[in-house]
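Enquirer: After the structure tokens below, expect a handful of questions from me.
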Amino acid sequence: DTIIKTYYKKSTRKRWEYKVADCTRKAIRLFSERYFPYPYGQYSTVVSLVNGGMEYPQLTMISQRSAFRGEQYLNLESTIAHEVGHAWFYGILGFNETEQGFLDEGLTSFATIQHMEHYHGRRHNNFAYKKGWQRKLLPNGDERNDDQKRYIMRALMNDADPMITPPILFEDGGRYYSASYYKASSVYLMLQYVLGDERFDRFMSLLFERWAFKHPY
């Protein structure tokens, strides 16, 4: 019962009109089923000049550069899933990203990984190569592995901060992204592994059941 709206330039219409609406629909459907029903009547995805994506209540802004990439790139879907996912973590749960970025960005990054693995499989879900030689010869990764590698590389450089660090206190963007996005999502993945899928899914359900619209800390 959610109306999905897309706003775009004529130059981006070919991919934007249907692809973006479909990616938004897929994200809302999955997160509604796994976490908590999306509580509003509409969601808008807008092409913009921002780099990457930016979330707002019932609204996502996505870089127009993402709209020009070829069909083999799945980064557009991943970015949309991430920004839509914020509607559950900074939205429904009400985590304050300016104080605990690892709760909002970390769980949203984890949800993005779940989205990509649900729709495209556990591995090689960064590109949708259609030809056999592409799948065999061209490098590919996956959302889970990429987040873990990004954090491990920063940790090996002895250049990492605790996840609890407020975003304003990070020395630079690299440290912020490493702790709040990559390390945090990897920790939630480890928690899922230790608990097992069934218990972890129950944990996520209870988190929303008990704390929806209550700003938990």
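The values are calculated or read from the model by the stated rules, or taken from the named source; none is laboratory data. From a predicted model like this one, the values you see are computed outputs, not experimental measurements. Neighbour counts run over all protein chains shown; Cβ positions are idealised from the backbone, glycine included. Accessible surface areas use protein heavy atoms only, side chains included; no ligands, DNA or RNA. Shrake-Rupley method; radii C 1.70, N 1.55, O 1.52, S 1.80 Å.
Enquirer: Go over the candidates Leu206, Leu189, Leu169 one by one and state the one that is of a type outside the set (D, E, K, R), in contact with an Asp or Glu (Cβ under 9 Å, 6 or more places away or on another chain) and within 18 Å of Ala111 (Cβ to Cβ).
Expert: Leu189
Enquirer: Could you check how many residues of the stretch 173-217 are in contact (Cβ under 8 Å) with a residue 12 or more places away in the chain, basic (Lys, Arg) and in a helix (DSSP H, G or I)?
Expert: Total meeting the criteria: 2.
Enquirer: Just wondering, is there one or more residues in the stretch 190-213 that are open to solvent by less than 90 Å² (accessible area, probe 1.4 Å) and at pLDDT below 90?
Expert: no
Enquirer: Residue check, Asn140 against (1) open to solvent by less than 60 Å² (accessible area, probe 1.4 Å); (2) touching a Pro at 6+ places or on another chain (Cβ under 9 Å), all met but one. Which one?
Expert: Unmet condition: (2).
Enquirer: For Met54, state whether it is among the hydrophobic types (A, V, I, L, M, F, W, C), open to solvent by 50 Å² or more (accessible area, probe 1.4 Å) and under 30 Å from Glu209 (Cβ atoms).
Expert: Yes, satisfied.
Enquirer: Looking at (1) in a helix (DSSP H, G or I); (2) closer than 28 Å to Asp197 by Cβ, which is the only condition Asn140 fails?
Expert: (1)
For every residue, the table says whether it meets (1) of a type in the set (Val, Ile, Thr); (2) at pLDDT 90 or above; (3) within 27 Å of Phe200 (Cα to Cα).
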position	(1), (2), (3)
Asp1	no, no, no
Thr6	yes, yes, no
Ser44	no, yes, no
Met61	no, yes, no
Arg69	no, no, no
Gly94	no, yes, yes
Leu107	no, yes, yes
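Enquirer: Loosely packed, with under 13 Cβ neighbours inside 10 Å, modelled with pLDDT of 80 or more and over 27 Å from Glu209 (Cα atoms): does that describe Gly121?
Expert: Yes, satisfied.
Quick grid of which residues meet (1) more than 21 Å from Glu117 (Cα to Cα); (2) among the hydroxyl-bearing types (Ser, Thr, Tyr):
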| position | (1), (2) |
| --- | --- |
| Lys5 | yes, no |
| Ser11 | yes, yes |
| Thr24 | no, yes |
| Phe36 | no, no |
| Thr45 | yes, yes |
| Gly52 | no, no |
| Tyr56 | yes, yes |
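Enquirer: For residues that are open to solvent by less than 10 Å² (accessible area, probe 1.4 Å), within 21 Å of Ser32 (Cβ to Cβ) and of a type outside the set (A, V, I, L, M, F, W, C), tally how many sit in the stretch 84-108.
Expert: Count: 7.
Enquirer: So, one more: Which residues, counting only those in the stretch 148-167, are touching a residue at least 40 places away in the same chain (Cβ under 8 Å) and either of a type in the set (D, E, K, R) or open to solvent by 50 Å² or more (accessible area, probe 1.4 Å) (or both)?
Expert: Across the stretch 148-167, the qualifying residues are Gln148, Ile164.
Enquirer: Just name the residue that is modelled with the highest pLDDT out of those in the stretch 71-86 that are among the acidic types (Asp, Glu) and under 16 Å from the mean Cα position of the chain (by Cα).
Expert: The selected residue is Glu83.
Enquirer: Can you tell me which residue in the stretch 168-189 is modelled with the lowest pLDDT, limited to those that are of a type in the set (Phe, Trp, Tyr) and open to solvent by 40 Å² or more (accessible area, probe 1.4 Å)?
Expert: Tyr177
Enquirer: Condition first: closer than 28 Å to Ile92 by Cβ, of a type in the set (Val, Ile, Thr) and assigned to a helix (DSSP H, G or I). Can you find one or more residues in the stretch 143-163 that meet it?
Expert: no
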